[in-house]
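Take a look at the structure below.
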Amino acid sequence: MIRLVIVDDHPIVRGGLRDTFADAEDILVVGEAGDGAEGIERAELLAADVVLMDLRMPGMDGVAATATLRERAPSTRVLILTTFDSESDVLPAIEAGAIGYLLKDALPDELMRAVRAAARGESVLAPSVTQQLMGQVRRPSAGTLTDREKEVLQLVANGNSNREAATALFIGEASIKTHLQHIYDKLGARDRASAVAEGYRRRLLT
C-alpha cells in the first residue's frame, strides 16, 4: 500500500484529490496539509511514501518543503502538482529534489500512474516540463562572467544607469556598454532586465 500525503493550500483541491484516490486499491491517502511546513510534519509523522506537493502556498512553499523533506525523510518521494510550468518554477523544484512534476490538468489515471511510479523511485514529468528541461540542456553553455562584468551586472541590478555605473567604476560609458553586451551574450539575455533576472537565478548577484 502506497501511503500518500496531499499538500495544497486549497481545501477544495485537496478534497478533489482525495476523491481521485478513494477507489485505488494500492494508494491510501493518510493525511493532508495546507502549507509546506505542515506537509513536512504530516509526511514524517505518517511515514508517507509519496507527497503530492503544490508549489505556491502561503508560509513555506513547495520548493522549500521539498528540499527539507529530502534532507529529513529521504525515502519519501515528492511529486509536484501545480498549475505553473515555467522554467523559473520547474528548475528550482527539480533541483530541490522532486522526483516528478505534473500539472493540475492531469487526468485521474495519470495522477495514479504518477504516484505509483514515484513510489517506485521513477521520475514522472508533464510533457511541457520535459520540454523545459530539454531546452535547458540544449542551451549553449554560457561563459563565466569576469569580475568586472559581475560588478557591472550588480550595479545594473541595483538600478544604476550606464553613466552611473561608469562613474562608480571609473571607466567610460562606452566600456559599460561593451561589458553589458558581453554579459548578454554569456547569459543568453536580451536586455538589462533579463540579464539581471538570469544573474539572480545563477546566484551571481546579491
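Overview of results
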{"read-out": "Only listed residue being open to solvent by less than 50 Å² (accessible area, probe 1.4 Å), assigned to a loop (DSSP other than H, G, I, E, B) and either hydrophobic (A, V, I, L, M, F, W, C) or at pLDDT below 95 (or both), chosen from 98, 114", "value": "98"}
{"read-out": "Only listed residue being within 19 Å of the chain's Cα centre (by Cα), at pLDDT below 95 and over 30 Å from residue 20 (Cβ atoms), chosen from 196, 129", "value": "196"}
{"read-out": "Qualifying residue in region 49-61 (condition: outside any helix (DSSP H, G or I), touching a residue at least 60 places away in the same chain (Cβ under 8 Å) and charged (D, E, K, R))", "value": "yes"}
{"read-out": "Residue within region 74-85 that is more than 18 Å from residue 17 (Cβ to Cβ), in contact with a strand residue (DSSP E or B) (Cβ under 7 Å, 6 or more places away or on another chain) and touching a residue at least 12 places away in the same chain (Cβ under 8 Å) present", "value": "yes"}
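The values are calculated or read from the model by the stated rules, or taken from the named source; none is laboratory data. Model, not experiment: these values are computed from the prediction. Because the Cβ atoms are built from the backbone with ideal geometry, glycine has one as well, and the counts that use them run over all protein chains shown. Note: accessible area is taken over every heavy atom of the protein model, side chains too, but ligands, DNA and RNA are not part of it. Shrake-Rupley method; radii C 1.70, N 1.55, O 1.52, S 1.80 Å.
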